[in-house]
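Following: one structure in structure tokens, then a few remarks.
The values are calculated or read from the model by the stated rules, or taken from the named source; none is laboratory data. Note that the structure is predicted; figures quoted are calculated from it, not measured. Glycine gets a Cβ as well: all are built from the backbone with ideal geometry, and neighbour counts include every protein chain shown.
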Amino acid sequence: MKIGDHILVDGKHPATLCYFGLVDNHPGEWIGIEWWNQQGKHNGTYNGKFYYKTKNPSNGSFIRRQRIQFGNSFTQAIQKQYIKSFSNDYINDDINYSLFVKIPANATWTQNGVTVAGGHGQGDATNQLSAPWGLFIDDDQTMVIADYLNHRIMQWKNGDTTNGQLFAGGNGAGNGLNQLDRPTDVLIDKETDSLIICDKENRRVVRWSRRSGTTQGEILIGGIRCWGLAMEEQRYLYVADAGKREVRRYQSGEKNGTLVAGGNRHGAGLSQLNFPTYLFVDRDHSAYVSDNNNHRVMKWVKGAIEGIVVAGGLRQGNALTQLYFPNGLFVDTLGTLYVADSWNHRVMRWTQGAKQGTVVVGGNGEGAGANQFSNPFGLSFDRHGNLYVADYNNHRVQRFSIE
């Protein structure tokens with residue numbers, strides 16, 4: 001048990017562990033928590049004494065240890081209570097590995113984004129980015145960003161829109177274990193408290209511990225032109241290999257992996273991919289792949305030898321039936337697909353079975369305005385349903401709040 005763990009109280013109420021120890025004038029050990037969706041009694045200060053600080057006021061409580069649960073029971077209860085029963089809460093299905101968010105089919109977002117990382121011109125200062133690509137949003141709304149041309153991974157905590165924190169690389173382009181060379185994607189592996197990074201030009205996937213004092217990473221997979229990453233709840237790692245035009249699934253410690261999609265040379269057939277970039281894996285272990293040069297998104301059901309076109313596929317273009325070099329992907333619990341339509345400078349939504357998409361944000365021409373993008377690459381959602389987009393040529397990450 002450690003600070004920051006996600007727990008289940010009384011078998012049904014999710015919370016974050018913020019403190020454990022003594023509380024003045026109350027015997028025994030107490031657990032200080034922040035409820036996710038319950039009203040608490042304080043903000044971590046109790047009877048005038050500070051113990052911890054909640055992100056939201058009045059969401060803190062002290063409880064006894066015997067009321068909490070960890071591990072698989074927590075995940076299962078989240079699935080049972082929220083994914084199957086609730087219709088209006090934006091809760092992640094398995095917070096340890098993949099962010100699954102339930103978003104109403106008719107949801108809308110503010111059209112003017114707010115810059116939450118970068119936005120101070122291209123550069124390598126801690127308040128700058130240089131061509132951000134993939135990004136990952138943790139359940140506490142912490143962002144980790146593949147800062148492509150700075151050869152580093154940056155972290156921005158929720159609420160800190162001024163300066164990020166260097167987490168990996170940042171020692172110039174190179175192949176040393178303390179270096180990266182144009183990283184394209186990153187995710188957080190909470191089981192090991194580490195980052196997993198697509199180190200593209202070094203043709204490797206690396207793990208980098210998030211623990212303080214870490215100065216280098218370790219190679220997990222070599223000889224792969226890694227572009228995109230995804231991890232599912234059983235901790236299988238999915239990697240898009242743009243060079244071999246395929247997606248493979250890896251168990252921990254495995255070097256060769258299992259073919260999931262493509263692998264039949266480049267082409268536009270249903271068994272082929274032409275430069276796969278970003279990935280998303282849903283609860284059924286179906287892999288969604290941005291088939292970049294085919295201007296489409298493919299869904300490969302687990303075990304299938306062919307994929308299904310779920311967005312685009314009608315050559316490049318800007319009609320609602322088309323995509324133009326798609327990149328970042330996200331699929332919510334309803335099966336709705338969100339995709340960064342990079343060269344159309346917009347984010348599109350495609351519901352299951354739809355023949356055309358709708359523009360969610362952007363689509364106002366290429367530019368640096370609050371309602372514009374210049375080649376959006378990575379995208380993700382937080383557990384509240386807010387949308388985050390890595391705006392490549394504007395060297396920033398934009399957040400669009402759900403309405």
Any chance N150 is of a type outside the set (K, R) and over 21 Å from S380 (Cβ atoms) = no
Per the filter on the range 119-132, residues under 20 Å from P183 (Cα atoms) and either modelled with pLDDT under 95 or in a loop (DSSP other than H, G, I, E, B) (or both) are G119, G121, G123, D124, A125, T126, N127, Q128, S130, A131
task: Test D391 against the stated conditions and say whether it is farther than 23 Å from N274 by Cα, touching a Pro at 6+ places or on another chain (Cβ under 7 Å) and acidic (D, E).
output: yes
When you scan the range 239-262, do you find a residue that is assigned to a loop (DSSP other than H, G, I, E, B), polar (S, T, N, Q) and under 23 Å from the mean Cα position of the chain (by Cα), even just one? yes
Confirm whether A261 is in contact with a Lys or Arg (Cβ under 8 Å, 6 or more places away or on another chain) and either on the phi < 0 side of the Ramachandran plot or free of Cβ contacts under 8 Å to residues at least 24 places away in the same chain (or both).
no
Over the range 347-384, the set of residues within 25 Å of V281 (Cα to Cα) and of a type in the set (A, V, I, L, M, F, W, C) is V347, M348, W350, A354, V359, V360, V361, F377, L379, F381
Among the residues of the range 239-256, the number that are acidic (D, E) and surrounded by fewer than 14 Cβ atoms within 10 Å (Cβ to Cβ) is 0
For strands (runs of 3 or more DSSP E) lying entirely in the range 307-403, having 1 or more residues that are surrounded by fewer than 19 Cβ atoms within 10 Å (Cβ to Cβ) picks out 308-312, 358-362
Result of the Cβ filter at 8 Å on the range 183-197, keeping first residues that are over 11 Å from R207 (Cβ atoms) and partners that are assigned to a loop (DSSP other than H, G, I, E, B) and at pLDDT 95 or above, at least 6 apart or interchain, is P183/H151
Of the residues in the range 263-277, those that are out of contact with any His (no Cβ under 8 Å at 6 or more places or on another chain) and part of a loop (DSSP other than H, G, I, E, B) come to G263, N264, R265, G267, A268, G269, L270, S271
Just one listed residue, out of V289, V247, V239, is among the β-branched types (V, I, T) and touching a Cys at 6+ places or on another chain (Cβ under 7 Å), and it is V239
